[in-house]
1. Starting from the Cα-Cα distance between residue 134 and residue 288, subtract it from 0.36 nm times their residue separation and give me the gain in nm to one decimal.
2. Contour minus end-to-end for residue 26 and residue 98, with contour as 0.36 nm per residue of separation and end-to-end as the Cα-Cα distance?
3. Taking the number of other C-beta atoms within 10 Å as the exposure measure, put 245, 122 in order starting with the fewest.
4. Peptides 138-145, 219-226: what's the order by average Cβ count within 10 Å, highest mean first?
5. How long is the gain from residue 251 to residue 168 if the chain were fully straight, where each residue apart is worth 0.36 nm and the alpha carbon distance is subtracted?
6. Give, as ranges by residue number, the residues of the range 79-115 whose backbone N falls under 12 Å from the point 7 Å along Cα→Cβ of residue 241.
7. Tell me, 169, 64 in order of fewest to most beta-carbon neighbours within 10 Å?
8. State, as an integer percentage, the relative contact order of the range 105-259 based on alpha-carbon contacts under 8 Å between residues 6 or more apart.
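Values quoted throughout were computed directly from the atomic coordinates according to the rules given, and no laboratory measurement underlies them. These figures come from a predicted structure and were not determined experimentally. Every residue, glycine among them, receives a Cβ derived from its backbone with ideal geometry; neighbour counts consider all protein chains shown.
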């Protein structure tokens, strides 16, 4: 019996260190792939008698990969949630601002979000064609996916802070210059929303491709479809969570009444700024403790290409 246990421990160590050449973490999960008496049919076919009890080595390693990356993935949820809330609140701001371009053209409030998409598309091109090349020439290495995501976190926090400042200015104009109107509407141009929307779009150009790159390079081939679903799952959870947060704010505060001119939408943006700062600190802690598994090979290849 003791020799059997020793062989099982040796087999587990061999699987985690030699077969996969990955960090020796979550070693206890290796027990799920260790064969015990009764796990294999005795009819000579070699098939598994209890598939619910015995896992393949690849399945164990897939689970380890998901567990390792789960903290980083969770930080992306709280990165996308302020963006989801920001999209809805920006439309409300636009409805209460001057959306005229000239005398005959008026921008639909919902179309103001196109600025975010355009900014993201433009900076995706600039980042890929110019910024990363400049980075490689200066540092002799490619930026890691975690660095890209980190830049997206910072830009997202800046976008929320700018949104709060713009909304504070809009409310001052409503309260001090439009008191004579029965339904005050700010004379502030909707173009003041361009900076905050542009920052959100630029941030998305950093952190969404960074997340896709991280998941695709860290996940094994058996989890390629899961890597694609991770982003969609983040966005879905973020919009549901954003709806819950807005409902909670409406219940416990007077910041979001029926008419936002009588509320404090700027406080909502400041709240999102604080959430973004706290989430960025959480992301830094997770990224510092995370050990790359496959990305290092890609970084080395990019560095050799740059040197060549």
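1. Result: 53.0 nm gained on full extension.
2. Taking residue 26 through residue 98 to full extension adds about 20.2 nm, to one decimal.
3. Ordered by Cβ neighbours within 10 Å, fewest first: 122, 245.
4. Working: 138-145: 15.9, 219-226: 13.8.
Highest-to-lowest ranking by the protection proxy: 138-145, 219-226.
5. 27.7 nm
6. Label zone hits: 79-85.
7. Details: 169 14, 64 20.
Ranked by crowding around the Cβ, least crowded first: 169, 64.
8. So the answer I get is 30 percent.
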